[in-house]
Amino acid sequence: MGDIAGLYGALALTLAVRYGKDYVSKLDMHLVPFSIIFIFWIIIFFIFNLYDIIAAKNNQDYFRSLIYVFVINALISILFFYLIPFLGITPKTNLFIFMAFAGILVFLWRVYFNAITAQGDPDNNTLIIGLTKQSNELYDFLLANPQLGYKAIGIVDIEDKEALAILRSLITKKQVRTLILSPNAYEMPDVIDILYGFLGYNIDFYNLPDFYELATGKIPLSAINQEWFLDNLSSGKKRFDIFTRRFFDVLFSLVFGAISLIFYPFIIFAVKYDSKGPIFIKQKRLGWAGKIFTLIKFRSMIANAPDGSAEAITGATWAKENDPRITRIGKFLRKTRLDELPQLWNVLWGDMSFIGPRAERPEFHGQLKSQIPFYNERYLIKPGLTGWAQIRYPYGSSVQDATEKLQYDLFYIKNRSLALDISIILKTLSTILFKKGR
C-alpha cells in the first residue's frame, strides 16, 4: 500500500510540476497508462523479494536490490510508452520527472518502513515452551528478525522442575502475549494445566510446528511425526490440483519448449566450441513415488567418462562452488539455468512438473534416506524444474543442505496451490536474472 501511494503521489507531483493549474485536465490521459505501468512495477518489486518481510532491512543487499528494481522498471516504462503508440501519450519529460519523484518517494518510504519494523513489537513478548532443537532455531530466528513482530524473551525447559515451577509467574510477570508450545509440552499434564489457566487472558497460543512453518516457510523435521503426514500430505485431498497441474504442465511445456528451440543452435554451438564431448547429458533421477527416469540437460562440465559425464575419476559427486569440472560456457549455462531447457521435454513426458522438489540422483538417495528422517516423503509429488526449496535455499552440496531443503519441500507439498506456484515462478526469474545457479 505504501508503494502504491508513493507511485500515485509521484504521478500527482509530476503533473503538478508540469502543468500547474491544468493538472486536473491532464490527469485523465495519464491515469490509465500509468496505472498499467504501476502493475508491472509492483510485480517487479515482488520478483526481487521486496515484499519479503525477512528481507526488509536497511542494509547494502536491500538497497542494491532496490536500485536494480528501479533500473528495470525504468526500462519497462520506456519500452511500454514507446512501443505501444495507441496509448495516446509518449511522456518523455513527464516520465523522467515521474521516475525521479517515484525513486525518492518509494526510497524514503521503504527506509522508514524498514526502520519501524526493525524495532518489532515491543509489547508482543513471546515465550517458547519446551527446549528442543527446533525451539532453539525458532528463538534465534525471531531474535534475528524482529520485523516479524514477535519479541522473543526466552525458552522454558519444561524438563527442569525449577523452571516449570515459575512458569505461571513468568508468564504473568513478563506480560507474555504469545506462547509457542513444542510437541513435548502437550504430553505433560502439569504444563497443560498451567497454560489452561491463561485462556481468559489476551494471549495467543501456537503449536511449534505451525508457528515455525508460518514464520520460516519450512516444516521442522524434529517436531513432526507420521501422524502429521497422514493429516497434511494426503494426495486424495489434492485430486483437482493434480489434474490442473498436469494440464498446465503439458500446455506450458509445449509452448515454452517450442520457444526454447530458438536458443538450441546457439547453445549447441557454444557447448561444442568450448569443449569436447556430447551436447546433452542424460542422468538417472528419482521421480514421483521413487520411480527412476532419465533427465536431459545441456552438458556444462568437462567430458572425461564414456557417457560424457565429468565423473570418471570422482564418481557421482555434488557440484561445488567454483567446481573445476564446469566449463567456461557451462558456468554461464548453469548460472542462467539455460542448461535445464531440455527438461521441458521431461515435463511434457510426465516425468517432471514445472514446480516441485529437485529431482535427486539415485547415487545420493541411499545416503540421504539413511541420514534424514522422512526423506522419502519428498517423492509424494513429481520433481520440478524449480520449486520452493530452490528459491528459498541455495544450491545444496551436503547432507545438511539436503536436510534444510527437505523442510522447504515438505512445506510446498503441504501448501501447494496456484498462488504459491505463481509466486515461485516469478521469484525464479530473479534467480535467473541474478545468475544464482551453480
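Pairing residues of region 22-39 that are within 22 Å of residue 76 (Cβ to Cβ) with residues that are modelled with pLDDT under 85 and of a type in the set (Val, Ile, Thr), at Cβ distances under 7 Å and at least 6 apart in sequence or on separate chains, gives 29/89; 30/89; 33/89.
Among the residues making up region 376-395, those that are more than 14 Å from residue 411 (Cβ to Cβ) and surrounded by fewer than 20 Cβ atoms within 10 Å (Cβ to Cβ) are 376, 394, 395.
Residue check: is residue 54 surrounded by fewer than 16 Cβ atoms within 10 Å (Cβ to Cβ), assigned by TED's automatic domain parsing to the domain that holds residue 96, in contact with a helix residue (DSSP H, G or I) (Cβ under 9 Å, 6 or more places away or on another chain) and touching a residue at least 40 places away in the same chain (Cβ under 8 Å)? When the stated conditions are applied, residue 54 passes them.
Any residue that is assigned by TED's automatic domain parsing to the domain that holds residue 135 and of a type in the set (Gly, Ala, Ser) - is there at least one of those in region 196-205? Among the residues of region 196-205, at least one is assigned by TED's automatic domain parsing to the domain that holds residue 135 and of a type in the set (Gly, Ala, Ser), which makes the answer yes. Reported count of residues in region 150-171, each being at pLDDT 90 or above and either over 14 Å from residue 129 (Cα atoms) or of a type outside the set (Val, Ile, Thr) (or both), is 4.
Can you name the residue in region 196-237 that is modelled with pLDDT of 85 or more, of a type in the set (Phe, Trp, Tyr) and out of contact with any strand residue (DSSP E or B) (no Cβ under 7 Å at 6 or more places or on another chain) and is also surrounded by the fewest Cβ atoms within 10 Å (Cβ to Cβ) among such residues? For region 196-237, the residue satisfying everything is 196.
For residue 297, the criteria (1) without any contact (Cβ under 8 Å) to a residue 60 or more places away in the chain; (2) out of contact with any Phe, Trp or Tyr (no Cβ under 8 Å at 6 or more places or on another chain); (3) surrounded by 15 or more Cβ atoms within 10 Å (Cβ to Cβ) hold in every case but one, which is (2).
When residues in region 331-364 are screened for being in a helix (DSSP H, G or I), at pLDDT 90 or above and under 18 Å from the mean Cα position of the chain (by Cα), 0 of them pass. Of the residues examined, residue 110 is one that is surrounded by 17 or more Cβ atoms within 10 Å (Cβ to Cβ), part of a helix (DSSP H, G or I) and not small (Gly, Ala, Ser). You will find that of 302, 281, 259, the residue that is assigned by TED's automatic domain parsing to the domain that holds residue 328 and at pLDDT 90 or above is 259 and no other. Of the helices (runs of 4 or more DSSP H) lying entirely inside region 369-438, those containing at least 2 residues that are polar (S, T, N, Q) are 399-415, 418-433. Within region 54-70, can one find any residue that is touching a Lys or Arg at 6+ places or on another chain (Cβ under 9 Å), within 21 Å of residue 117 (Cβ to Cβ) and not in a helix (DSSP H, G or I)? Yes; the residues of region 54-70 include at least one that is touching a Lys or Arg at 6+ places or on another chain (Cβ under 9 Å), within 21 Å of residue 117 (Cβ to Cβ) and not in a helix (DSSP H, G or I). Tell me yes or no: at least one residue of region 86-102 is at pLDDT 90 or above, under 29 Å from the mean Cα position of the chain (by Cα) and assigned by TED's automatic domain parsing to the domain that holds residue 28. There is at least one residue in region 86-102 that is at pLDDT 90 or above, under 29 Å from the mean Cα position of the chain (by Cα) and assigned by TED's automatic domain parsing to the domain that holds residue 28. Counting the residues of region 330-364 that are surrounded by 18 or more Cβ atoms within 10 Å (Cβ to Cβ), touching a strand residue (DSSP E or B) at 6+ places or on another chain (Cβ under 9 Å) and not hydroxyl-bearing (Ser, Thr, Tyr) gives 22.
The values are calculated or read from the model by the stated rules, or taken from the named source; none is laboratory data. Predicted, not measured: the structure shown is a model, and the values here were computed from it. Every residue, glycine among them, receives a Cβ derived from its backbone with ideal geometry; neighbour counts consider all protein chains shown.
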